[in-house]
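Engineer: Below is one structure. I have some questions about it.
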Amino acid sequence: MSESAEKPAVHNFIRNIIDGDNASQKWGGRVATRFPPEPNGYLHYGHAKSICLNFGLARDYGGACHMRFDDTNPEKEEQEYVDSILEAVRWLGFDWGEHQYYASDYFDRLYLFAEYLIEHGLAYVDSQNADQIRARRGNLTEPGQDSPYRNRTPDENLELFRRMKAGEFPDGTHVLRARIDMASPNLNLRDPVIYRIRHAEHHRTGNTWCIYPLYDYTHCISDALERVTHSICTLEFEDHRPLYDWVLDQLQPLIHWHPQQIEFARLNLTYVVLSKRKLIQLVESGTVSGWDDPRLPTLAGARRRGFTAAGFRLFTDRIGVSKSDTWIDMAVLEECMREDLNLAAQRRIAVLDPIRLVLDNYPQEQREECLAPNHPLHSEAGKRPVGLTRELWIEREDYQETPAKGFFRLYPGNRVRLRYAYVIECTGADYDAQGNLLCVHANLLPDTKSGTPGADSVKVKGNIHWLSINEAIEAEVRLYDRLFRVPHPGTSQDFMLDINPESLRVVQARLEPALAQALPEDRYQFERHGYFVADRRDHNPQQPVFNRTVGLKDTWVKTT
């Protein structure tokens, strides 16, 4: 996306802070943000909000957003996740240019900074195990208790820390803790652990290190080394800001840069779970087919489902940025996708539940072309021919032997228009011995073809879509819906019990021949049915596979 130095037209509290900083030249007029994911999973919808915010601010203020991986836990991180994160950010329409970094880039300096803290009595090696440390931490009403190792001398601590680095101790034997205040009302300042032993191979540094820094120590230093100006994170890190500031204040003689941490409300979206633990459970249990299952709220899944990057950007603009936690209805995201797809997606015809319609008075060998617009809002997109023949596919639901009240489609004696073609009059239907519908019969009314002078001579209330049996292609169509059937999964029971059993239905549909040329990720509106995309993994011209992205309208009753 192109960068622009123009002041954004729509403001929020973060933009107001940046405007004030620029007016005072606090950072010399610079704006540098960062997006710092952990490479231990796939990005989800919540990350899209953070990506659009951080990269969008950098773009709008003519600055830079750094793409930085917080790769400090080698036991959970893989290159696969790094690659998927980079792909997702690019897909959303953003680029980091030369600013791609890893916390592991700074392991040498992070270690030296830790030695500096030890030498100045600001950090110590604690030989308690994790349970003992937790027991002495205290709680919101009781202060913590000093570790029995808190008063080791700097020389003792430095020797132990260097031996930790040399690999002399097994995991869990020692940790390095910041020496702050065990009585602080902020639990994050009660001598937090900043280094731990992990004998595990790192996906970038191999076995060079066996001690690894923790996030609260690492990310503030990374921000400072990269000269980030505004370190934007979600509200759960608000209580961590004093620790962010403490670390940088102590290291000021060495680093000389102190970014400002700003917190905003994370995305809370109905009908999904965004917990990494729960997403992993859905994948590993086989409830979904993988990290890119179109029902899963990962960006990989969203892309495969046919959600658009522009739709996500519209969504993040629409919900705004605030300091208060609120719930956003899934319908808002789906409507943003509809708005984008309505403008961008060409129209095509699909019959999802086909039943045969025979035009008894239409000659057996005759064929004629009817013209259908590629996009009703863009006349420049032109029209395409759709072949009309004696036998057609129509939707099974478009016929009722005994019509319900308000049913204006096919039933004996009723007239409807074949969309883009003629008016027909239904004469009846054939059934098998078990009463199953086999085919519908009708007669075509001449001189009523759409686009001809006599087209409106016969008035009808119903309009149905159709395809020639001779020309339609067969395809697998996956009808995706929301993965959960309740707005807040897991509120009253195990979230797995709230799975929507109708979240996926697969049908063998008939599509118009033009769709045989569709490429993976090509998006269309299937008339009457909604927006669909050619599956990016399984689709090919010989075996077409389309996924439903979203219906033409919201069919979910609001229950929140």
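Since every read-out is calculated from the coordinates, none of them should be taken as a lab result. What you are looking at is a predicted structure, and each value in this text was computed from that prediction instead of being measured. Cβ coordinates were reconstructed from backbone atoms using ideal geometry, including for glycine residues, and neighbour counts include every protein chain displayed.
Engineer: Show that you can apply the helix-only estimate: for the chain, add -39,500 (n - 2.57) for every DSSP H stretch of four or more residues, divide by all residues, and state [θ] at 222 nm to the nearest 500.
Structural biologist: Values: 13 runs with 139 residues, N = 560.
The helix-only estimate for the chain comes to -7500 deg cm²/dmol at 222 nm.
Engineer: Straight distance only, please: which lysines reach the Cα of LYS276 with their own Cα at less than 24 Å, same-chain residues fewer than 8 apart left out?
Structural biologist: Partners found: LYS49, LYS76, LYS323.
Engineer: Please pull out the direction-averaged projected area of the chain, using the convex hull of its alpha-carbon atoms, in nm² to one decimal place. Display every interim value, and only then the final one.
Structural biologist: Numbers: hull surface 129.8 nm².
Approximately 32.5 nm², given one-decimal rounding.
Engineer: What does the extension gain come out to for ASN436 and GLU201, with contour length at 0.36 nm per residue minus their alpha carbon separation?
Structural biologist: My answer for the length gained is 78.3 nm.
Engineer: In addition: Please list the helices of the chain that count as membrane-span-like by this rule: a mean Kyte-Doolittle hydropathy of at least 0.0 together with Cα atoms stretching 24 Å or more along the helix axis, each helix being a complete DSSP H run.
Structural biologist: Sorted by number, there is nothing, because no helix extends far enough and scores high enough.
Engineer: If a/c stays under 1.5 just call it rounded; otherwise compare a/b with b/c (prolate if a/b is bigger, oblate if not). Do that for region 271-345, with a ≥ b ≥ c from the square roots of the Cα gyration tensor eigenvalues.
Structural biologist: Note, shape of region 271-345 comes out oblate.
Engineer: Using 5 Å bins from zero, what percent of all Cα-Cα pairs in region 370-524 falls into each bin?
Structural biologist: 2, 8, 12, 15, 15, 15, 12, 9, 6, 4, 2, 1, 0
Engineer: I would also like to ask the following. Can you check what the Kirkwood hydrodynamic radius comes to for region 356-447, Cα pairs only, in Å to one decimal?
Structural biologist: Details: mean 1/r = 0.0689 Å⁻¹.
Final number for the Kirkwood radius of region 356-447 is 14.5 Å.
Engineer: Oh, and also: Starting from 0 in steps of 10 Å, tell me what percent of the Cα-Cα pairs of region 490-548 lands in each bin.
Structural biologist: It works out to 20, 43, 18, 15, 4, in whole percents.
Engineer: Out of every Cα pair in region 13-266, what percent are spaced more than 23 Å from each other?
Structural biologist: Here the long-distance tail beyond 23 Å is 54 percent of all Cα pairs in region 13-266.
Engineer: Add +1 for every Lys or Arg and -1 for every Asp or Glu among the other residues with Cβ under 11 Å from the Cβ of LYS461, and state the total.
Structural biologist: +4
Engineer: Another question, if that's okay. Treating cross-link reach as a plain straight distance, find the aspartates and glutamates whose alpha-carbon is under 18 Å from the alpha-carbon of LYS459, omitting any fewer than eight places away in the same chain.
Structural biologist: Within reach: GLU425, ASP447.
Engineer: Moving on. What are the lysines whose alpha-carbon lies under 19 Å from the alpha-carbon of LYS383, with same-chain residues fewer than 8 places away excluded?
Structural biologist: Reachable lysines: LYS449.
Engineer: A further question on this structure: For region 1-104, which trypsin sites (Lys or Arg not before Pro) are in a loop by DSSP, counting at most 16 other Cβ atoms within 10 Å?
Structural biologist: Loop-located and lightly packed - LYS26, LYS76.
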